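A.B. asks: One structure, pasted below without further comment.
The values are calculated or read from the model by the stated rules, or taken from the named source; none is laboratory data. Because the structure is predicted, anything quoted here is derived from the model rather than measured. Positions of Cβ are backbone-derived with ideal geometry, glycine not excepted, and every protein chain shown enters the neighbour counts. The protein model used for the area step is the full one, side chains on, heavy atoms only, and it has no ligands, DNA or RNA in it. Shrake-Rupley method; radii C 1.70, N 1.55, O 1.52, S 1.80 Å.
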Amino acid sequence: MVLCLRNDTIFKQAFSLLRCRTSRENPICSAGGFLLNTSRHYKTKPTHGIGRYKHLIIAQEPKKKRGKVEIRPINLGTDHEYGVINIHLTAYDMALAESYAQYVHNLCNDLSIKVEESYALPTKTMEVLRLQDQGNKMFLDSVLTTHERVVQISGLSATFAEIFLEIIGNNLPEGVKLSVKEHTEEDFKGRFKARPELEELLAKLN
C-alpha cells in the first residue's frame, strides 16, 4: 500500500514538471475542459491597414466659389420668332402668383415652348396713408405687399404668339396682373436687391 502511494506521488510530480516544461515552449492553459492558446503570434506581424477607413470614403470635389453673375447675351430673335420674352405675373397674394406662374410654366412645356427660367423678383411693400377727417395729419391705413413672378421663354413663333397670349389671358385669375415684354439688361439687374452702402464704398474706391 505504501509503495502504491509513493508511485502515485512520483507520477504526479513528473506530470507537473512535464506540464510546466511544455507550457514554456507553447503556453496553453486549460479552462472548462478546453485548451486555450495564450501565445500572441500577431505581435510580430504587420497590421496591413487594420482599422483604417479613410480610403473607403469617396473623395468629394471641392466646392467652387461663386463668382460674379455675368449677363448672358440676349437673343433678339428673328423675323419669324421672338427672342427672350418675360411674362410678369404680379399679385398681392403670394400663393396666387406662385400657382399661376406654375400653370404658365406647365402650359409652355405642354406646347413645346422653351422655358429659359422661372424666378421671383424681390417683394415690394407699399404703405397706404390716409388723411384724417379733421386736420392735416396723415396716418398709416394699411400695408400692401406685392409679389411678382417671372416666366422667361424663348423661341416663340410669331404665328403662335397671339394664340398663346390669348390662352394665358383667358385663364388669368382675379387679382393677378399680367404683362409681357422683351427681356432687357435692366430686367436682369432688377432681379437683385440694391445695396446702396456697397455702391457708395465702390464709388469711393474708384
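A.B. asks: State the answer as a single residue: which of Phe139, Ile168, Ser154 lies farthest towards the positive end of the charge dipole of region 124-179, with beta carbon charges of +1 for Lys and Arg and -1 for Asp and Glu, about the Cα centre.
C.D. replies: Toward the positive end, the furthest listed residue is Phe139.
A.B. asks: Also, I was wondering about something else. Between Ala194 and Lys124, what is the spin-label point distance in nm, taking each point 7 Å from the Cα along the Cα→C-beta axis?
C.D. replies: The modelled label-to-label distance comes out at 1.2 nm.
A.B. asks: With every protein chain present, what accessible area does Asp93 have (1.4 Å probe, heavy atoms only), rounded to the nearest 10 Å²?
C.D. replies: Roll a 1.4 Å probe over it and Asp93 shows about 80 Å².
A.B. asks: Between rounded, prolate and oblate, where does region 127-206 land on the alpha carbon gyration tensor, with a ≥ b ≥ c its root eigenvalues, rounded for a/c under 1.5, else prolate if a/b exceeds b/c?
C.D. replies: oblate
A.B. asks: In debye, nearest 20: dipole of region 127-206 around its Cα centre with unit charges on the Cβ of K, R (+) and D, E (-)?
C.D. replies: Result for region 127-206 is approximately 240 debye, rounded to the nearest 20.
A.B. asks: If the cut-off is a Cα-Cα distance under 13 Å, which aspartates and glutamates reach Lys189, setting aside same-chain residues fewer than 8 apart in sequence?
C.D. replies: Partners within reach: Glu70.
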